[in-house]
Structure formats: structure tokens, C-alpha cells
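Notes for the one structure printed next.
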Amino acid sequence: MRTLPRRLLRDSISVQTYTGQSAYGPVYSTAATKLVKVSMIRQLVRNSDGAEVVSEMTIEAHPDDEAAFAPQSLVTYATRTATVLTAAPQARPGQTVLIRVTCT
């Protein structure tokens with residue numbers, strides 16, 4: 001297996017990628033739909049600032065979708081909206097297999 005096969009990604013989510021801060025608050029891109037694998041697992045993780053926080057949702061995404069999951073991006077799954085804490089590539093030597101995203 002070279003990368004995570006898209007046929008295994010059956011959960012549809014909406015992602016609004018965090019693009020920065022304005023005078024009126026955070027700025028997000030328009031919502032994009034991605035096919036991923038979602039696991040509702042509670043675990044203790046470190047966010048991008050290094051603080052320990054509780055993650056309620058873990059997403060496994062195709063490596064081509066990595067740019068959509070910047071920290072602080074908004075992810076909507078079913079009726080739940082969560083904030084991306086971390087997005088880390090899971091790899092074997094020389095090749096990224098999937099992107100593991102942890103969300104609040």
C-alpha cells in the first residue's frame with residue numbers, strides 16, 4: 001500500500017481552512033467537502049502551542065488533502081463542528097501514507 005486508498009474514506013466532512021486573523025477575528029476559506037475516515041475517540045494530545053488538550057475526534061485523510069487541515073481550521077462532521085488541533089503526516093521511509101488530524 002503506497003498511500004491510504006480513497007475507497008476506504010467513506011465519511012464526508014466540511015472543512016473551512018484557517019487563513020489568518022483580521023481586525024474582526026479569525027478568517028476562514030469557503031467550506032470544502034472532503035472524504036475521510038472519522039473516529040470519535042477521546043485522547044489527550046498537545047496542540048500547536050504545546051499545551052495538553054483533550055481531542056474528541058480523530059480524522060485520517062489522504063495526503064493530497066493535507067493543506068486543508070491547518071491548525072485552527074473548522075471541521076464539521078454530521079452536526080458537530082470542531083477545531084483542528086494538529087495535523088501530522090504518518091509516513092514510511094520516503095512516502096506519506098496518510099494525514100492524522102486531531103480535533104477538539
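The values are calculated or read from the model by the stated rules, or taken from the named source; none is laboratory data. Predicted model, so just to flag it, every value in this text is computed and none were measured. Cβ sites come from the backbone with ideal geometry, for glycine too, and all protein chains shown count toward neighbours.
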Given Leu74, Leu35, which one is more than 11 Å from the chain's Cα centre (by Cα), modelled with pLDDT of 95 or more and not polar (S, T, N, Q)? Leu35
Those residues of the range 16-40 which are outside any strand (DSSP E or B) and either of a type in the set (Ser, Thr, Tyr) or touching a Cys at 6+ places or on another chain (Cβ under 8 Å) (or both), in sequence order: Thr17, Tyr24, Ser29, Thr30
What are the residue pairs meeting all of these: first residue in the range 10-28, first residue free of Cβ contacts under 8 Å to residues at least 60 places away in the same chain and farther than 19 Å from Met57 by Cβ, second residue assigned to a strand (DSSP E or B) and of a type in the set (A, V, I, L, M), Cβ atoms under 8 Å, and 6 or more apart or on different chains? Thr19/Val27; Gly20/Val27; Gln21/Val27
Go through Ile41, Ile59 for me and flag whichever is surrounded by 12 or more Cβ atoms within 10 Å (Cβ to Cβ), out of contact with any Gly (no Cβ under 9 Å at 6 or more places or on another chain) and not aromatic (Phe, Trp, Tyr). Ile59
All positions within the range 41-61 that are part of a loop (DSSP other than H, G, I, E, B) and not hydroxyl-bearing (Ser, Thr, Tyr): Ile41, Arg42, Asn47, Asp49, Gly50, Ala51, Glu56
Taking the range 62-104 and the residues there that are in contact (Cβ under 8 Å) with a residue 40 or more places away in the chain and in a loop (DSSP other than H, G, I, E, B), the one that is surrounded by the most Cβ atoms within 10 Å (Cβ to Cβ) would be Phe69
